[in-house]
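Inspection log for the structure reproduced underneath, given as structure tokens.
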Amino acid sequence: QVQLVESGGGLVQAGGSLRLSCAASGRTFSRYGMGWFRQTPGKERELLAAIDWSGGRTQYADSVKGRFTISRENAKNTVYLQMNSLKPEDTAVYYCAADWAGWSTSEYQYDYWGQGTQVTVSS
């Protein structure tokens, strides 16, 4: 079992930055692939960024490529999402998720989810 808790969301002006954190419980965090997703009402959940168990492989959605960076510190059981050049269309609830297989780019393969944190970008 892994429990995930996101933090770092909030209100920011367009062009600003936020760093989201996802703290995981359990001693096996370093085995999990991790992903950041977002969802807005009426839309499907979108995978923004994924990182493998070692941190050596990452992948980004086109919508955030070049603006967002995913990273992890296994010693701290934490994964991060650095978000720069934020736009109003980035407004959403952001979720982190963990995948036992160590790497996944499909939300259906993620096993554990956090409760989400709201990010609001004002114009």
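Each Lys or Arg adds one and each Asp or Glu subtracts one; over the other residues with Cβ under 12 Å from the Cβ of residue 12, this totals +1. Heavy-atom accessible area for residue 119, with the other protein chains in place and a 1.4 Å probe, reaches approximately 0 Å².
Skip the ligands, DNA and RNA, and give the accessible area per residue of the range 63-123 with a 1.4 Å probe, whole Å². Roughly 47 Å² per residue, with all protein chains present. Modelled label positions at residue 46 and residue 87, each set 7 Å beyond Cα in the direction of Cβ, lie 0.8 nm from each other.
Taking every alpha-carbon pair under 8 Å whose residues sit at least 6 apart, the chain reaches a relative contact order of 36 percent. The slack between residue 74 and residue 7, meaning 0.36 nm per residue of separation minus the straight C-alpha distance, is 22.4 nm. With a sphere of radius 12 Å drawn around the Cβ of residue 101, what net charge do the other residues whose Cβ falls strictly inside it have (Lys, Arg +1; Asp, Glu -1)? That sum, taken over residues with Cβ under 12 Å, equals -2.
Near residue 90, once Lys and Arg are set to +1 and Asp and Glu to -1 for all other residues with Cβ below 12 Å from its Cβ, the sum equals +1.
Taking the 1.4 Å solvent-accessible surface of the range 17-82 as the whole, the part contributed by carbon and sulfur is 44%.
The values are calculated or read from the model by the stated rules, or taken from the named source; none is laboratory data. This structure is a prediction, so every number in the text was calculated from the model and none was measured. Note that we place each Cβ from the backbone using ideal geometry, even for glycine, and neighbour counts take in every protein chain shown. Just the protein is used for accessible areas: all its heavy atoms, side chains included, with ligands, DNA and RNA removed. Shrake-Rupley method; radii C 1.70, N 1.55, O 1.52, S 1.80 Å.
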